[in-house]
1. What does the stretch 187-292 give for Rg and for Dmax, in Å, if only its C-alpha atoms count?
2. Based on a Kirkwood Rh over C-alpha pairs, give the Stokes-Einstein translational diffusion coefficient of the stretch 198-260 at 10 °C and viscosity 1.306 mPa s in µm²/s.
3. Taking amide H positions as placed 1.01 Å from N in the peptide plane, with prolines and chain starts having none, which residues 5 or more places from A151, or on another chain, fall under 5 Å of its amide H?
4. Can you return the aspartates and glutamates within cross-link range of K78? Criterion is Cα-Cα under 12 Å, with same-chain partners fewer than 8 residues away left out.
5. Tell me the mean residue ellipticity at 222 nm calculated for the chain from its helices only (DSSP H runs of n ≥ 4, each -39500 (n - 2.57), averaged over every residue, nearest 500).
6. With θ set to phi - 60°, apply the Karplus curve 6.51 cos²θ - 1.76 cosθ + 1.60 along the stretch 597-607 and write out the HN-Hα couplings as whole Hz, x wherever there is a Gly or Pro.
7. As an exercise, take the mean of 1/r over every pair of distinct alpha carbons in the chain, invert it, and state the Kirkwood radius in angstroms.
8. Can you give the angle from 0 to 90° between the axis of helix 242-257 and the longest principal axis of the chain, with both taken from C-alpha atoms, to the nearest 10?
Amino acid sequence: MSLALKPSLGVAIPPPFTQYSSLQTDRVDWESMAQYVLGKAAVAVIRICNPPLNTFSAKTLLALQQEVKHANIDPTVKAVVICGANGKFSAGADIKMFSSLDRGSTPSLGSVIDLIEKSDKPMVAAIEGVAFGGGLEVALGCHYRIAHVQARVGLPEVTLGILPGAGGTQRLPRLIGIPASLDIITTGRHIWAAEALKLGIIDEIVEENTVEAAIRFAERMSDHPVGLHRLCSKQIPSLPNMDAIIKEALVKVKKQARGYLAPEMCFQAVVASLHLPFEEGLRKERDLFHFLLSSGQAKALQYAFFAQRNMEKWTLPSGASWKTAAPKPIQRAAVIGLGTMGRGIVVSLMKAKIAVVAMEQDKNNLEQGRGAVMALLDREALRMQQSGQTLDVHKPGLLHFTLDFNALQDVDLVIEAVFEDMALKKKIFHKLSTVCKPEAFLCTNTSCLDIDEIAAVTRHPHQVIGTHFFSPAHVMKLLEVIYGQHTSPTAIATAMSLGKAMGKIGVVVGNCFGFVGNRLLGPFRDQAHFLIEEGSTPEEVDQALEGFGFKMGPFQVSDLAGLDIGWRLRKEQGLTGASLPLSTPPRKRGGRRYSPLLDFLCEKGRYGQKTGKGWYQYDKPGGRVPKSDPWLHGFLADYRNTYNITTRTITQDEILERCLYSLVNEGFQILSDGIASCPEAIDTIYINGYGWPRHRGGPMFYASEVGLSVVLAKLQKYAEANPDIPSLQPSPLLRKLVALGSPPVSEWSSLVGSQNSKL
Ligand code: 3H9
């Protein structure tokens with residue numbers, strides 16, 4: 001792009017702007033304020049333009065560098081505003097660029113920021129939409145920052161397995177101090193403009209045209225020296241108890257990291273800013289950045305980032321997708337059942353600014369539900385207020401509680417969230433089908449039941465769809481959107497669009513018992529139980545999986561969720577000890593190995609945390625801190641004696657391999673059955689709903705990194721040793737992929753074959 005100012009090439013920009021070049025993808029556009037429009041000072045506007053989020057690709061960086069140079073040498077320019085096209089400043093470096101090592105003649109983002117900072121002309125960042133990662137680093141290189149009230153800023157690199165590598169770890173502490181920088185950089189959290197102003201990251205918030213406000217600001221500053229506003233030459237604000245603050249922060253980072261490298265490296269880079277001169281700090285940052293970038297964790301996290309984005313682009317084998325199915329607008333929704341799930345769903349809908357009719361079956365449950373929902377909403381409103389957002393909880397007509405089905409006559413969509421009881425769900429859907437308008441979408445929040453069986457009792461089965469939320473529903477991001485045989489593409493598009501409005505990560509999956517998430521959980525949990533039958537303790541299994549990166553091991557999760565839930569369901573189905581024919585072998589069901597351990601604990605009233613005893617003991621019912629329970633160890637020893645199980649020492653490797661590979665194996669089966677459309681869907685579900693450590697990239701990605709032939713060989717070994725556990729028998733798809741030379745994850749979907757596809 002040349003410096004010569006050209007007449008506008010047809011993109012209309014209203015006064016006071018005069019545009020001198022066309023807006024094109026992947027370039028930085030040059031505009032200049034006409035001197036006569038704003039008075040004495042001339043302000044150049046450099047607009048970063050690389051839709052949709054103005055990320056820094058090689059071309060964008062080069063153009064930004066050129067335009068900053070142009071502005072620096074143009075004598076008519078007195079000050080510069082840097083902004084982003086289409087109301088977004090920038091989402092940072094283009095993540096896809098990290099995998100290409102050949103940077104050619106592209107300048108580094110750090111060197112461009114250096115050029116901005118060193119300029120003698122005031123540089124003002126006009127932040128709209130987002131300024132994340134390298135985007136915020138560019139803004140920190142500017143001498144001033146003006147943001148729109150709805151803008152968000154942050155340094156989320158840590159969530160991609162890296163750290164801010166263009167000076168962010170050295171400039172931010174010089175601006176806002178060490179404690180706040182450690183919090184922001186080690187967590188990667190997004191910060192709304194109001195909080196950013198309070199922290200001192202930005203200088204001014206505006207409610208209307210940010211670029212115009214920045215131009216006026218730049219004009220005012222045009223004859224002010226910029227020296228004091230260069231963060232590179234600022235001192236870090238000192239605190240008397242800095243050592244203690246740093247120590248405490250490190251403990252916190254280590255506790256949360258669980259084997260995840262980036263947070264601790266972010267910590268080290270920020271602390272370096274305290275001890276090292278700016279240039280040396282930058283070198284330290286660069287070294288740590290390159291160390292992380294070459295780690296497997298960065299690869300896994302960047303895979304997870306794009307896997308998650310791919311979930312939005314669902315396509316059915318029929319060809320239906322966003323291109324053919326448009327979502328219907330949802331202005332009014334109903335939630336049936338105000339238990340834990342229903343309450344969270346009401347709050348999620350309210351946060352998406354959708355009016356809600358909340359329904360219960362009797363007055364007592366309704367009042368309890370109302371109290372709990374209002375308390376949750378008040379808490380959310382307060383939390384949002386603290387970050388400068390609003391949630392209007394008490395606006396008339398927004399939330400209505402009822403016992404009457406007739407109140408559902410005009411809703412656009414219903415989410416049923418009652419117990420997992422097929423008969424009850426069918427009764428409700430039959431009633432909904434007669435009460436609701438024909439075009440209303442009927443969603444069931446089930447974690448495992450058959451969508452088609454529920455749809456069959458309605459008049460409009462194409463309007464019926466599964467929406468599996470995760471608990472607590474107003475916090476957890478995952479939403480499995482389950483597609484039955486009659487579900488219309490419009491219903492899928494609407495559920496996905498509603499999920500996005502609620503801030504959820506929707507994943508379209510096929511219909512089978514447990515769908516994707518809970519179906520995968522089955523073999524994993526079975527292995528955990530078999531391992532403690534054979535000689536491990538719950539503590540050993542939990543520790544092995546926590547060491548792998550899970551926040552909680554399966555036995556702690558079981559205690560938290562309540563052992564009795566699954567037990568009651570199995571009891572109803574006649575699968576537990578007391579309800580079985582006497583001839584049934586105790587550790588078999590249908591010829592397969594079965595562990596009755598959990599049933600035995602439930603029969604003794606050990607339901608987990610709620611009763612103060614489960615796989616662990618707690619100081620009281622409802623206690624949260626698990627303690628090893630000698631009674632349980634004695635019980636396990638007696639159990640092994642009773643069933644003549646030879647106790648052996650089980651290694652941590654065996655625990656991990658049996659739990660994780662049996663889960664992965666089920667994943668291959670799910671792909672073959674067409675329940676998940678691609679391995680990325682399984683990985684996105686497991687990371688966002690089941691505590692799989694994100695830095696391991698999801699179970700299917702993990703298997704590909706370990707090596708499919710290794711996974712196959714281990715499964716074969718364990719299957720031979722345990723012929724009565726069919727879930728250890730390697731899936732035919734796994735065998736096929738190994739035979740094909742273990743292609744990368746991105747190629748698996750095309751190799752599955754479409755004959756079984758349910759999507
Ligand atoms: C960095 O800056 C490193 C520097 O410190 C140092 C360098 C030396 N790159 O999420 P969406 C794509 S690291 C490439 O659906 P939303 C995304 O894949 C970067 N692509 O929108 C999608 O593509 P497609 C630090 C990116 O409104 C499309 O844009 N920055 C990037 O729901 C729309 O995205 C971050 O970590 C990127 N940086 O959410 C921010 N960002 O349409 C990462 C997005 O083909 N980005 N895309 O599927 C985000 O967190 C979200 O995109 C954001 C918008 C919240 C901004």
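Read the figures in this text as sums done on the coordinates, not as results from a lab. Model, not experiment: these values are computed from the prediction. We place every Cβ from the backbone using ideal geometry, glycine too, and count neighbours over all the protein chains shown.
1. Final numbers for Rg and Dmax: 17.7, 51 Å.
2. The estimated diffusion coefficient comes to 99 µm²/s.
3. Residues meeting the amide H criterion: G129, A193.
4. D120, E219, D223
5. The per-residue figure over the chain is -14000 deg cm²/dmol.
6. My calculation for the stretch 597-607 gives 4, 5, 4, 4, 5, 5, 4, 8, x, 8, 9 Hz in order.
7. One decimal place: 28.8 Å for the Kirkwood radius.
8. Taking Cα atoms only, the helix is inclined about 50 degrees.
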